[in-house]
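The values are calculated or read from the model by the stated rules, or taken from the named source; none is laboratory data. Everything numeric here is computed off the predicted structure, so don't read it as measured data. Because the Cβ atoms are built from the backbone with ideal geometry, glycine has one as well, and the counts that use them run over all protein chains shown.
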Amino acid sequence: MRAMLLVNPKATTTNHRTRDVLIRALSAAVDLTVEETGYRGHAAALASTAHAKGYDTVAVLGGDGTVNETVNGLLEGEGHDQGERPSLLVIPGGSANVFARALGLPNDPVQATGAVLEALQEGRKRSVGLGQALWDDQSRYFTFCSGLGYDAEVVRAVEGLRGAGRKATPARYVNTALRHYLSTDKRHAAMSVKGPGIPTAEGVFMAIICNTTPWTYVGSQAVSPTPWASFETGLDLLGLQRMGLPSMASIIHQILTERDTLPKGRHLVQLHDEPEFTISAERPVAFQLDGDYLGERESVTFRSIPNALQVLV
């Protein structure tokens with residue numbers, strides 16, 4: 001088996017020595033070519049050539065951002081048919097590693113390498129569905145989540161801190177979310193949700209779109225606002241129509257402690273297993289996808305793409 005390994009040298013939780021150990025372990029199992037990513041979009045560009053160059057698998061050692069780029073490169077490159085497209089192999093190296101953990105992989109890169117080596121030996125794969133976001137004649141696939149409003153504003157703020165050289169730790173996300181909440185407009189909701197066969201819901205402050213569960217992690221704690229979401233179903237959504245302290249305290253408590261139960265509340269918008277819906281806004285609102293801030297948008301359509309990718313796991 002020929003494999004291309006994409007390595008993010010700036011991955012949060014790995015160092016040069018660990019990466020060398022993991023590369024040697026993979027090299028013993030497959031015919032491995034290693035490519036280091038050097039700039040935003042590099043992983044997508046490399047992955048898009050994998051089929052044409054005869055690779056059977058594209059492996060990723062990095063965080064959710066590198067995984068997302070790789071997935072988009074695989075789906076947009078040559079070999080659009082799932083039977084021809086290289087499979088994906090993921091080794092977590094970022095701060096949250098939501099996609100890898102949602103697949104059931106250990107969060108430790110060394111332990112995860114052991115798990116994927118077993119999958120390689122046994123030829124064990126699973127088919128996963130993806131989400132797709134479409135806006136302004138653009139589109140992008142996502143593996144676990146997207147969001148508009150408050151959560152995307154927090155992602156934007158954390159990315160700014162990372163640009164200043166600070167690590168994206170769970171504590172930094174929590175502190176940033178708390179500080180940002182104090183300055184968030186809690187009176188004028190801008191968004192509405194509509195779709196085929198879906199009653200229009202207006203007055204939405206924050207929309208979380210999930211392709212699987214959990215939505216994210218705070219350290220080892222899974223956060224599950226859409227506990228029924230999975231790679232085998234359509235997209236799920238949780239929208240908040242109130243951002244006051246009592247409402248926020250209730251929803252946070254529920255998604256942290258009742259991970260198998262749908263959140264309850266009179267001012268929640270909830271969708272499950274939907275093939276398509278659109279979120280529109282009266283003014284530009286922050287937009288994130290797999291934890292990557294993508295600017296402000298006034299309308300984004302979300303689609304479920306079933307059985308989009310084969311993953312070794």
Given the criteria at pLDDT below 95 and touching a strand residue (DSSP E or B) at 6+ places or on another chain (Cβ under 7 Å), does L256 qualify?
yes
If I ask for residues that are in contact with a helix residue (DSSP H, G or I) (Cβ under 6 Å, 6 or more places away or on another chain) and either more than 14 Å from C210 (Cα to Cα) or assigned to a strand (DSSP E or B) (or both), which ones from the range 269-297 would you list?
A286, F287, Q288, D292, Y293
Within the range 95-106, the count of residues that are assigned to a loop (DSSP other than H, G, I, E, B) and touching a residue at least 24 places away in the same chain (Cβ under 8 Å) comes to 6
Count of the range 206-265 residues which are in contact with a His (Cβ under 9 Å, 6 or more places away or on another chain), surrounded by fewer than 23 Cβ atoms within 10 Å (Cβ to Cβ) and free of Cβ contacts under 8 Å to residues at least 60 places away in the same chain
5
Taking the options L294, L312, L268, name whichever one is crowded, with 17+ Cβ neighbours inside 10 Å and free of Cβ contacts under 8 Å to residues at least 40 places away in the same chain.
L268
Within the range 184-268, which strands (runs of 3 or more DSSP E) (wholly inside it) include 2 or more residues that are within 15 Å of the chain's Cα centre (by Cα) and under 28 Å from G94 (Cα atoms)?
206-210, 216-218, 221-223, 235-240
Given (1) surrounded by fewer than 14 Cβ atoms within 10 Å (Cβ to Cβ); (2) closer than 21 Å to F99 by Cα; (3) over 18 Å from the mean Cα position of the chain (by Cα), where does G41 come up short, assuming only one miss?
(3)
Residues being touching a residue at least 60 places away in the same chain (Cβ under 8 Å) and in a loop (DSSP other than H, G, I, E, B): count how many of those fall in the range 155-179.
3
Conditions (1) touching a helix residue (DSSP H, G or I) at 6+ places or on another chain (Cβ under 6 Å); (2) buried (at least 17 other Cβ atoms within 10 Å of the Cβ): number failed by V30
(1)
Restricting attention to the range 191-205, report how many residues are buried (at least 20 other Cβ atoms within 10 Å of the Cβ) and either closer than 10 Å to V269 by Cβ or β-branched (V, I, T) (or both).
4
Considering only the range 80-91, I want to know if a residue exists there that is touching a helix residue (DSSP H, G or I) at 6+ places or on another chain (Cβ under 8 Å), at pLDDT 95 or above and assigned to a loop (DSSP other than H, G, I, E, B).
yes
Do you know which residues across the range 131-152 are out of contact with any helix residue (DSSP H, G or I) (no Cβ under 7 Å at 6 or more places or on another chain), part of a strand (DSSP E or B) and in contact (Cβ under 8 Å) with a residue 40 or more places away in the chain?
G131, Q132, A133, L134, W135, C145, S146, G147, L148, G149
Test R2 against the stated conditions and say whether it is surrounded by fewer than 17 Cβ atoms within 10 Å (Cβ to Cβ), at pLDDT 95 or above and basic (K, R).
yes
Let me spell it out: the conditions are (1) over 16 Å from D108 (Cα atoms); (2) modelled with pLDDT under 95; (3) crowded, with 23+ Cβ neighbours inside 10 Å, and G77 meets all of them except one. Which number is the exception?
(3)
Looking at the range 122-156, which of the residues that are acidic (D, E) and crowded, with 18+ Cβ neighbours inside 10 Å is nearest to the chain's Cα centre (by Cα)?
D151
